[in-house]
Amino acid sequence: MASLTPISRKPLSFVLPTTAAFGALLGLFVGTANGSASLGILIGAGIVAAMGAVFILVLKNEQMAKWISIVGVAALGFFFAGLPGAIIGALSGWFFHWVTYWLYEGRYRAKLLPYLTGRQVLWHYSFRTICGAIFVFLITPILVVMPLSFNAEDFFTFTPEMLRFDPEGYSLKHYRDFFTNNEWQRSFKNSLIIAPIATVISVSLGTLAAIGLSQSHVPGRRAIMAILISPMIVPLIISATGMFFFYSDIGNWLEGTLGLPKTFVGYVKVVLAHAVLGIPFVIITVTATLVGFDHSLTRAAANMGANPVTTFFRVQMPLILPGVISGGLFAFITSFDEVVVVLFVGSASQKTLPWQMFTGLREQISPTILAVATILVGISILLLATVEILRRRSERLRGMSPT
């Protein structure tokens, strides 16, 4: 066990410029919103550096400094932006107090190895800051859409009532429109029909392909693997164009030779197209699960007289099931969210939820899209949480995790 790193107070020449940099970052956003980014940077850096100097040199009381920082910055936020500004200001004040004492007391080195150099410590926190910034960059559009879905007006922007947290500015009418509008409900039902069937096909074919390609004696398995996962790599518009011509011929044959209804043939084409897009996800997740699989178990089952089908369902499948379900969830999300291929392959009868959202943006600006997007985000979060739970279970089954 590595020894704990001793911590000690750091000089103000290090603490104040660093805290000023955080203040300049906040000032950049505030100044940009008010038309002067450079002035915001200077004021933000100056205020935070002055706060740090007062806390350390004058107050010398961390708890008192904490509340002064929270209340003071919250008051500034309320003066410039009302209640939302006060909330953001209170959070910013807490953060500035925390980072000031985190640096001044040397707490940033408390959980690091004692032999790390200053450059290594800098890279340690810089890397995490970069990752956090990327996360914020990716998640911010979602955080903007979700409150807008409760807008009482038919706008795609925050109204003054919403910014004041006035209850009159919020409403569930866009959600009511989604659950009562026939167009939205028909497209939602189409997605609920197409996505599960496509997922079952993807899981079945993808699992069998992954098991076959995991065998070392299969010739050209790397080339076959590259071909099978190519739908993930090839631009979607190219795949959609190829599927349009390919499935058009298949559809004509099914209608002309077998006499199947045109609507049924349309569903078949969309389901098969979505299954093709989902198979690569199943192959990758199941292949990753099979990396730690002990093939001596299947040989032992064969020696005991089990046939290949019994061996698969009684021995192999229970151990790779987390990977199979994870791949199935990814395939389901891919099918449920896909819009480009269904525009090429499907018809109006197979209009899915993403297609309806695309139509709502192109033909009529419907705020119901925001409510639908929020619902889809919630579904995606639940599915991804399930994937993470299954991943941890798979690690425990393979002995890769102690808990």
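The values are calculated or read from the model by the stated rules, or taken from the named source; none is laboratory data. Treat the numbers as computed from the prediction; the structure is a model and nothing was measured. All Cβ positions, glycine included, derive from the backbone under ideal geometry; neighbour counts span all protein chains shown. SASA here: full protein model, heavy atoms, side chains in, ligands and nucleic acids out. Shrake-Rupley method; radii C 1.70, N 1.55, O 1.52, S 1.80 Å.
For the reader, a short list of remarks on this structure follows.
- Overall form of the stretch 1-146 per C-alpha gyration tensor (a/c, 1.5; a/b vs b/c): oblate
- Candidates TRP102, TRP184, TRP123: whichever shows maximal mean-square fluctuation once the chain is modelled as a Gaussian network with Cα springs under 10 Å: TRP123
- Cα centroid of the stretch 163-242 to Cα centroid of the stretch 91-156, whole Å: 32 Å
- When only Cα pairs below 8 angstrom with a gap of at least 6 residues are kept, the chain shows a relative contact order of 16 percent.
- VAL218 accessible area, 1.4 Å probe, all protein chains in place, Å² to nearest 10: 40 Å²
- For the stretch 123-187, with +1 on Lys and Arg beta carbons and -1 on Asp and Glu, the positive-most of ILE139, PHE165, TYR175 along the dipole: ILE139
- Relative to the longest principal axis of the Cα atoms of the chain, the long axis of helix 368-397 makes an angle of roughly 80 degrees.
- Helical contribution to [θ] at 222 nm, DSSP H n ≥ 4, -39,500 (n - 2.57), averaged over the chain, rounded to 500: -25000 deg cm²/dmol
- Counted residue by residue at 0.36 nm each, then reduced by the alpha carbon distance between them, the extension gain from TYR170 to PHE156 reaches 3.7 nm.
- In terms of distances greater than 30 angstrom between alpha carbons, the cross-link table entries LYS66/LYS173; LYS66/LYS111; LYS173/LYS269 yield LYS66/LYS173; LYS173/LYS269.
- Rounded to the nearest 20 debye, the dipole magnitude of the chain is 1420 debye, with +1 charges on Lys and Arg beta carbons, -1 on Asp and Glu beta carbons, and the Cα centre as origin.
- Top of ILE379, ILE325, ILE43 by mean-square fluctuation, Gaussian network on the chain, Cα under 10 Å: ILE43
- Rounded percent of accessible protein surface that carbon and sulfur make up, the chain, 1.4 Å probe: 71 percent
- Table column - 3J(HN,Hα) (Hz), the stretch 176-185, Karplus curve with 6.51, -1.76, 1.60, x for Gly and Pro: 4, 5, 5, 7, 10, 6, 5, 5, 5, 5
- Cross-link reach list, aspartates and glutamates versus LYS60, counting only Cα pairs under 15 Å and skipping chain neighbours closer than eight places: GLU105
- Stretching the chain fully between ARG392 and TRP123 yields a gain of 93.9 nm (0.36 nm per residue, less the alpha carbon separation).
- HIS174 accessible area, assembled protein chains, probe 1.4 Å, Å²: 10 Å²
- Full-stretch length increase - MET64, ILE238 - with 0.36 nm per residue and alpha-carbon distance subtracted: 56.4 nm
- The relative contact order of the stretch 218-375, computed from alpha carbon pairs under 8 Å that lie at least 6 residues apart in sequence, is 31 percent.
- Tensor-based shape of the stretch 108-240 (alpha-carbon gyration tensor, a/c under 1.5 rounded, otherwise prolate or oblate): oblate
- The chain - accessible surface per residue (Å², probe 1.4 Å): 58 Å²
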